[in-house]
Amino acid sequence: MKKNIIALFFISLLFYFFSCHSNNQINSRQADSTGKTVITNPANNIPEMRKEVKIGPVAEYKEKTDNPLNDWYFSAKLYETQKTFYYLMKLQFEEIKGEDTLKLPNFGYEPKPVIQKGKDKYSCIIGFMDDSNKFREFRLVHVENNNHLKVTALKHYSVATYQE
């Protein structure tokens, strides 16, 4: 009985692997001059460095805090860097400021970073638009105990290349 369950598990796992990966072609196939099939990764089409770096933020979120005496905000801004998939994050809650680097995955198209409001007060979600124009969550920026800015990874993305 135990052997049957283990065998069924491995058969299910193999079926899942082949069904999920058979139609998801990340790589494209082309024939070179000798007729050999060459597999190319679309991620190689995007240059590693930007030709021009935008000066202002490419995405931002800003929310006024409840402090009645001051004009303070919770904010997150993303700025381009010289490297194509790297962004400078400038974060602020009232007078607490922080900076970090955000690296978006290279899926073979220009990155489109987006910041959306989070579900909690003084929180936002940093993500990107995929090739179907669907928002993909990446990092959560939030305030803990009313005195700490925190960045938490929500999801991880990677690009895999393989040959059949």
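The values are calculated or read from the model by the stated rules, or taken from the named source; none is laboratory data. Being a predicted model, the structure only gives us computed values, none of them experimental. All Cβ positions, even for glycine, are placed from backbone atoms using ideal geometry, and neighbour counts span all protein chains on display.
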* Structure fact -> Selection over segment 112-122 where residues are without any contact (Cβ under 8 Å) to a residue 24 or more places away in the chain and either surrounded by 14 or more Cβ atoms within 10 Å (Cβ to Cβ) or hydroxyl-bearing (Ser, Thr, Tyr) (or both) yields a count of 1
* Has segment 74-95 got any residue that is more than 16 Å from the chain's Cα centre (by Cα) and on the phi > 0 side of the Ramachandran plot? -> yes
* To do: Could you please let me know if Asp100 is closer than 24 Å to Glu48 by Cα and outside any strand (DSSP E or B)?
  => no
* Is there a residue being in contact with a Phe, Trp or Tyr (Cβ under 7 Å, 6 or more places away or on another chain), modelled with pLDDT of 90 or more and of a type outside the set (A, V, I, L, M) anywhere in segment 66-77? -> yes
* So which residues in segment 143-160 are part of a strand (DSSP E or B) and basic (Lys, Arg)? -> Lys150
* Only one residue in Met49, Met89 is farther than 22 Å from His142 by Cα, at pLDDT 90 or above and among the aliphatic types (A, V, I, L, M). Which one? -> Met49
* Looking at segment 137-164, which of the residues that are under 9 Å from the mean Cα position of the chain (by Cα), surrounded by fewer than 18 Cβ atoms within 10 Å (Cβ to Cβ) and of a type in the set (D, E, K, R) is nearest to Lys90 (Cα to Cα)? -> Glu137
